[in-house]
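Peer 1: Questions regarding the structure given below will be posed in turn.
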Amino acid sequence: MVIQNGNAYDEGLDNDCWEPIKAYWEDRDAINMGLDHDFRKNVKEAYDQPNMSNADALRFLVTLGATQWHYTNGVRDRDVISPDNWHVTQRLLDRPGNEAIQLQLFYDYGSNPPLYPSWQDTSGLEQSDHRMSGLSERTERIEPPCLT
């Protein structure tokens with residue numbers, strides 16, 4: 001098994017970015033009335049909805065603003081990045097039915113964390129096949145666009 005640029009440790013899910021997705025795993029349609037989390041607070045204000053379901057809150061992640069953030073977050077000089085990047089990507093995200101597909105992928109990912117221990121078990125692999133070393137050191141803290 002080769003895992004590249006992916007997460008296979010609980011520590012990789014231990015940040016604010018994952019909280020709305022974890023809530024979605026627990027109950028897609030639950031209404032979160034509190035403004036207790038920066039992500040929800042900012043999304044609710046952007047949509048002017050004081051109460052929204054977990055699914056509605058995640059719809060923000062397929063908007064142009066979120067897509068632009070993925071290209072520009074952490075960049076020193078945003079002027080060197082062509083807006084064509086996020087506009088082309090957004091055209092793909094805006095295809096009919098894609099929002100539902102993305103929400104389903106967010107939900108389906110919830111089945112991965114319980115499998116992490118089996119993915120990390122390398123006892124049956126030849127030493128030359130072991131590629132998991134150093135993965136946990138590469139886990140970075142990320143912040144979604146609504147928290148920056």
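The values are calculated or read from the model by the stated rules, or taken from the named source; none is laboratory data. Predicted, not measured: the structure shown is a model, and the values here were computed from it. Cβ: placed from backbone, ideal geometry, glycine included. Neighbour counts: every protein chain shown.
Peer 1: Just to be sure, is ALA46 within 26 Å of ASN98 (Cβ to Cβ), in contact with a Cys (Cβ under 9 Å, 6 or more places away or on another chain), surrounded by fewer than 18 Cβ atoms within 10 Å (Cβ to Cβ) and modelled with pLDDT under 90? Explain how you work it out, then say what you get.
Peer 2: Numbers: within 26 Å of ASN98 (Cβ to Cβ): yes; in contact with a Cys (Cβ under 9 Å, 6 or more places away or on another chain): yes; surrounded by fewer than 18 Cβ atoms within 10 Å (Cβ to Cβ): yes; modelled with pLDDT under 90: yes.
When the stated conditions are applied, ALA46 passes them.
Peer 1: Another question about this same structure. Mind listing just one residue for me: the one in the range 77-114 that is assigned to a helix (DSSP H, G or I) and among the small types (Gly, Ala, Ser) and, of those, surrounded by the fewest Cβ atoms within 10 Å (Cβ to Cβ)?
Peer 2: In this case the residue turns out to be SER111.
Peer 1: Please verify whether the range 7-30 includes one or more residues that are on the phi > 0 side of the Ramachandran plot, at pLDDT 85 or above and surrounded by fewer than 17 Cβ atoms within 10 Å (Cβ to Cβ). First the steps, then the outcome.
Peer 2: Step one: of the range 7-30, the residues on the phi > 0 side of the Ramachandran plot are none.
Scanning the range 7-30 turns up no residue that is on the phi > 0 side of the Ramachandran plot, at pLDDT 85 or above and surrounded by fewer than 17 Cβ atoms within 10 Å (Cβ to Cβ).
Peer 1: Within the set of pairs 6 or more residues apart or between chains, which connect a residue that is farther than 18 Å from PHE106 by Cβ and buried (at least 19 other Cβ atoms within 10 Å of the Cβ) inside the range 55-76 to a residue that is modelled with pLDDT of 90 or more and basic (Lys, Arg) with Cβ atoms less than 7 Å apart?
Peer 2: none
Peer 1: If you check every pair at least six apart or on different chains, which have Cβ atoms under 6 Å apart with a residue in the range 2-22 that is under 13 Å from PRO114 (Cα atoms) first and a residue that is assigned to a helix (DSSP H, G or I) and of a type in the set (S, T, N, Q) second?
Peer 2: Pairs that qualify, where the first residue is under 13 Å from PRO114 (Cα atoms) and the partner is assigned to a helix (DSSP H, G or I) and of a type in the set (S, T, N, Q), are TYR9/SER136.
Peer 1: Which one of the conditions (1) modelled with pLDDT under 95; (2) closer than 15 Å to LEU61 by Cα; (3) assigned to a helix (DSSP H, G or I) does SER118 fail to meet, given that it meets all the rest?
Peer 2: In the conditions (1) modelled with pLDDT under 95; (2) closer than 15 Å to LEU61 by Cα; (3) assigned to a helix (DSSP H, G or I), SER118 misses (2) alone.
Peer 1: While we're here: Out of all the residues in the range 90-111, is one or more farther than 19 Å from ALA30 by Cα, at pLDDT 90 or above and among the acidic types (Asp, Glu)?
Peer 2: yes
Peer 1: Here is a follow-up. Right, ARG40: over 26 Å from TRP25 (Cβ atoms) and at pLDDT below 95 or not? Before you say what the answer is, go through the steps one by one.
Peer 2: Working: over 26 Å from TRP25 (Cβ atoms): no; at pLDDT below 95: yes.
So ARG40 fails the test.
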